[in-house]
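Q: Dumping the structure here so I can ask a few things about it.
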Amino acid sequence: MKLSKLLADIEFEIINEGPAGLETEVQQIILDSRKAEPGCLFVCIKGAVADGHKFAPDVASKGAAVIVVEDRNALDTIKEKGNPVVVVVKDSRYALACISAAWFGYPARELKTIGITGTKGKTTTTYMVKSILEKVGHKVGLIGTIEAIIGEKTIPAANTTPESYLVQKYFREMVDAGCDCVVMEASSQGFMLHRTAGFIFDYGIFTNIEPDHIGPNEHRDFEHYLECKKMLLKQCRVGIINRDDEHFEQIIEGATCEIETYGLGESKHLDLCNKDLRAEDMELVSRPGYLGIKYDVKGLMDFPVEIDVPGKFSVYNSLTAIAICRHFNVDPASIVEALKDIKVKGRIELIKVSDDFTLMIDYAHNAMALESLLTTLREYNPHRLVALFGCGGNRARDRRFEMGEVSGNLADLTIITSDNPRNEDPQAIIDDIKTGINKTTGKYVEIIDRKEAIKYAIENGEPGDIIICAGKGHETYQEINGVKHDMDERVLIKEVLEELASK
């Protein structure tokens, strides 16, 4: 593809023409200098670990046709190794997104695109939307925290929102596989790093926002976190927003899209216009091996719903999905039927271990998510509420104190264990969690080995207990000292049950 076509949507300056300038034929796009080949276009990205500009001379020596830079001073070292076209842009990540969209033939234009952002609910809502739309015949691609789904192919996720080149590549594969729409999680990091640039979402959904992902390697403060997420509402045609969120007015400030709202029926904010969807008359549903909730959809639609995922946040998630699918003219009967079958790995995932007590796996890995989860489960009046969790290493320490305090206040027993210690001492992380718990009167035990912690929970389960294994969710690994070791809680639970049965 000619360079002129790849640069059609961005502002740029050519500071070295090379042999052919804008007429240069590009053979492939690369971000990894080790993959450089003659005829490639290399984009220099300034990352958290390495700066791609440092590798530009090596890429030039391998015959790169084009090198895209932010730093015009890189030209001096590049010219020593070759004569590629050197293109200067203001932001190479943004340029990569636009170049990638052009390279793959603007596939988003051939799909209905749905982007979901928010602190909570993104993953569950994407699967709900996929299930409902497929119920009525749509072929839906998915990109999210757990995986990307393209037709019959699934690709494990490295990031909630992949690099822009991968986003566009997945979009093209989805179109080629016959998909007519895609639902994807849009993270704050994804917006900050322009991974979703280069196209406009047809529908942008803002589920909620609370302080999270704030730290040295993430966002500098809550305001920055919010500003990044708000970018969705400048990059979509229709914005569907949780009206109950206390930051609603800040969220919509500067939005350029048409706005719709949804929320719970008791909200004092709804009914301000005719563009809202409400959940009314919520009722908990509980029977052996089953926790769920039912409610009535009101406003723009009118019908009853029951889902077998407990809690108020499940109402929000399903109502969000309904608000999206309404735009696809899905009938209520199909929505109700699809929502009955929703199962999302690691999101309030019930694992059958006993007829006496309930055990679940969930991804809650910060104080807000854990508080919401435990508060929800407490509403079902368990004999005891048992919370098993750890915290990730090399992340903000405040999260550990906060999660410890939340669990100490809400759980009858906390089992403190390891999550992903990364490069930290697991015991030091546990000690931080204990600092939080010790602000409360909550009971706890500490067991560093996660399998042994799960074994303790199961062995000591009492009739009527609800046990929640929090923090790992869909993850199938444990990261220790830079190495990801296989560890799936479902497998650990199976091994524990086998060991207990053989006694």
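Q: Can you tell me which of (1) of a type in the set (Gly, Ala, Ser); (2) buried (at least 16 other Cβ atoms within 10 Å of the Cβ); (3) touching a residue at least 40 places away in the same chain (Cβ under 8 Å) is the one Ser407 doesn't meet?
A: Going through (1) of a type in the set (Gly, Ala, Ser); (2) buried (at least 16 other Cβ atoms within 10 Å of the Cβ); (3) touching a residue at least 40 places away in the same chain (Cβ under 8 Å) one by one, Ser407 breaks only (3).
Q: Can you give me the ranges of the helices (runs of 4 or more DSSP H) entirely in segment 37-103 with at least 2 residues that are of a type outside the set (Asp, Glu) and at pLDDT 95 or above?
A: 56-61, 92-103
Q: If you don't mind, another one. Give me the residue from segment 416-446 that is over 29 Å from the mean Cα position of the chain (by Cα) and either in contact (Cβ under 8 Å) with a residue 60 or more places away in the chain or part of a loop (DSSP other than H, G, I, E, B) (or both) and, out of that set, surrounded by the most Cβ atoms within 10 Å (Cβ to Cβ).
A: Residue satisfying both the conditions and the ranking: Gly442.
Q: Further question on the same structure: I'm trying to understand the selection: among the residues of segment 368-415, which are closer than 26 Å to Val285 by Cα, of a type in the set (A, V, I, L, M, F, W, C) and assigned to a helix (DSSP H, G or I)?
A: Once the filter is applied, which keeps residues that are closer than 26 Å to Val285 by Cα, of a type in the set (A, V, I, L, M, F, W, C) and assigned to a helix (DSSP H, G or I), segment 368-415 yields Met368, Ala369, Leu370, Leu373, Leu374, Leu377, Val406, Leu410.
Q: Among the residues of segment 298-317, write down those that are of a type in the set (S, T, N, Q) and more than 18 Å from Ile205 (Cβ to Cβ).
A: Scanning segment 298-317 gives no hits.
To keep it simple, each residue is scored yes or no on (1) under 29 Å from the mean Cα position of the chain (by Cα); (2) farther than 18 Å from Thr196 by Cα.
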residue: Gly18; (1), (2): no, yes
residue: Ile29; (1), (2): yes, no
residue: Val49; (1), (2): yes, yes
residue: Asn73; (1), (2): no, yes
residue: Lys79; (1), (2): no, yes
residue: Ala97; (1), (2): yes, no
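Q: Okay, moving on. Among the numbered criteria (1) under 27 Å from Glu349 (Cα atoms); (2) buried (at least 21 other Cβ atoms within 10 Å of the Cβ), which one does Cys98 miss?
A: It fails just one condition, (1).
Q: Exactly one condition in (1) outside any loop (DSSP other than H, G, I, E, B); (2) surrounded by fewer than 17 Cβ atoms within 10 Å (Cβ to Cβ) is not met by Lys455; state its number.
A: The number of the failed condition is (2).
Q: Also, I was wondering about something else. Suppose we keep only residues that are of a type in the set (Gly, Ala, Ser) and more than 17 Å from Gly115 (Cα to Cα) within segment 125-156. Which one would you say is surrounded by the most Cβ atoms within 10 Å (Cβ to Cβ)?
A: Filtering segment 125-156 down to residues of a type in the set (Gly, Ala, Ser) leaves 131, 137, 141, 144, 148, 151.
When the remaining residues are screened for being more than 17 Å from Gly115 (Cα to Cα), the result is 137, 151.
Details: Gly137: 9, Gly151: 13.
For segment 125-156, the residue satisfying everything is Gly151.
Q: Could I ask something else about it? Within the set of pairs 6+ apart or on separate chains, which have a first residue in segment 473-487 that is under 19 Å from Lys345 (Cβ atoms), a second that is in a strand (DSSP E or B) and hydrophobic (A, V, I, L, M, F, W, C), and C-beta atoms under 9 Å apart?
A: Gly473/Ile361; His474/Ile361
A quick yes/no check of all residues on (1) in contact with a His (Cβ under 7 Å, 6 or more places away or on another chain); (2) within 22 Å of Ser372 (Cα to Cα):
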{"position": "Ser407", "(1), (2)": "no, yes"}
{"position": "Thr414", "(1), (2)": "no, yes"}
{"position": "Pro421", "(1), (2)": "no, no"}
{"position": "Thr435", "(1), (2)": "no, yes"}
{"position": "Lys455", "(1), (2)": "no, no"}
{"position": "Glu462", "(1), (2)": "yes, no"}
{"position": "Ile467", "(1), (2)": "no, yes"}
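Q: So, one more: Which members of segment 2-18 meet the condition of being touching a residue at least 40 places away in the same chain (Cβ under 8 Å) and either more than 20 Å from Arg72 (Cβ to Cβ) or aromatic (Phe, Trp, Tyr) (or both)?
A: Matches in segment 2-18: Lys5, Ala8, Asp9, Phe12.
Q: Identify all residues within segment 168-186 that are closer than 19 Å to Ile324 by Cβ and either polar (S, T, N, Q) or touching a helix residue (DSSP H, G or I) at 6+ places or on another chain (Cβ under 8 Å) (or both); write none if there are none.
A: The answer is Phe171, Met174, Cys181, Val182, Val183, Met184, Glu185, Ala186.
Q: Here's something else I'd like to know. Tally up the residues in segment 219-258 that are part of a helix (DSSP H, G or I), loosely packed, with under 14 Cβ neighbours inside 10 Å and under 21 Å from the mean Cα position of the chain (by Cα), please.
A: In the first step, residues of segment 219-258 are kept if they are part of a helix (DSSP H, G or I); the result is 222-234, 248-252.
Of the ones still in play, those that are also loosely packed, with under 14 Cβ neighbours inside 10 Å are 223, 249.
If we keep only those that are under 21 Å from the mean Cα position of the chain (by Cα) as well, we get 223.
Number of matching residues: 1.
The values are calculated or read from the model by the stated rules, or taken from the named source; none is laboratory data. Only a predicted model underlies this, so the values are computations on that prediction, with no experimental measurement involved. Quick reminder, even Gly has a Cβ in these numbers, built from the backbone with ideal geometry, and neighbours come from all protein chains shown.
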